[in-house]
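The structure appears right after this line, and notes come after that.
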Amino acid sequence: MLHFISTTTYDPLGHVALDCVPEQTAGEVRRRMNRIATLDGGAVVNDYGFSEADRVIELRWQPVDAFTEANVERLVRTYSRLIVATPTGCWLTAPEFFAPAADESTLRLLALEKLSD
């Protein structure tokens, strides 16, 4: 399944297409809430709603060439914001880490905003 990563500003090498493993997701859907114990043995739940910014997008793929791996590493080192196109939409993200490996590389992105509906 193809995923595309690009920079938010012009960069001639600022894009990568990754053929990720099929079981990729756009992160969990969760609400911003916490539970606090009360003195009577019960609990109170504070619910602050849902935000797309709570998603974590983790991409995994089998490396095909050294140039692609080097370009992904360069994007993570150089840019604090990247746009990621997935089958579920386009996201403005902050790259958290890139872990290259011989069998399966991993890129973890923190979603900041969903750019498409």
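The values are calculated or read from the model by the stated rules, or taken from the named source; none is laboratory data. Everything numeric here is computed off the predicted structure, so don't read it as measured data. Here the Cβ positions follow ideal geometry from the backbone for every residue, glycine too, while neighbour counts run over all protein chains shown. Ligands, DNA and RNA are stripped out before the accessible areas are found, and what is left, the full protein with its side chains, is counted by its heavy atoms. Shrake-Rupley method; radii C 1.70, N 1.55, O 1.52, S 1.80 Å.
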Size of charge dipole - the range 1-71 - debye, nearest 20, with Cβ of Lys, Arg +1 and Asp, Glu -1, no other charges: 320 debye
Structure-based [θ]222 nm, the chain - -39500 (n - 2.57) summed over DSSP H runs of at least 4, per residue, nearest 500: -3500 deg cm²/dmol
query: Rounded to a whole number, what % of the accessible area of the chain do carbon and sulfur atoms account for, probe 1.4 Å?
result: 55 percent
message: Quick check: the distance between the Cα centres of the range 32-62 and the range 74-102, to the nearest angstrom?
response: 24 Å
field: Highest-first arrangement of 58-65, 40-47, where packing means the average Cβ count within 10 Å
entry: 58-65, 40-47
message: Step by step: find N for the range 18-117, compute 2.2 N^0.38 Å, then divide the Cα radius of gyration by it. What's the final number?
response: 1.37
field: With DNA, RNA and ligands ignored, accessible area of residue 32 (1.4 Å probe; Å², nearest 10)
entry: 110 Å²
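Rounded to the nearest whole Å², what accessible area per residue is found for the chain with the 1.4 Å probe?
Value for the chain: 62 Å² per residue.
Which order do you get for 108, 35 if you rank them by accessible area with a 1.4 Å probe, largest at the top?
35, 108
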- request: Would you check the accessible area of residue 96, probe 1.4 Å, heavy atoms only, in square angstrom rounded to 10?
  value: 90 Å²
- prompt: Dipole of the chain (Lys/Arg Cβ +1, Asp/Glu Cβ -1, origin at the Cα centre): which of 70, 50, 84 lies farthest to the positive side?
  reply: 50
task: Relative to the longest principal axis of the C-alpha atoms of the chain, give the angle of the C-alpha long axis of helix 66-78, reported between 0 and 90° and rounded to the nearest 10°.
output: 50 degrees
query: Shape of the range 50-101 from its Cα gyration tensor (a ≥ b ≥ c, root eigenvalues): rounded if a/c is under 1.5, otherwise prolate when a/b > b/c, or oblate?
result: prolate
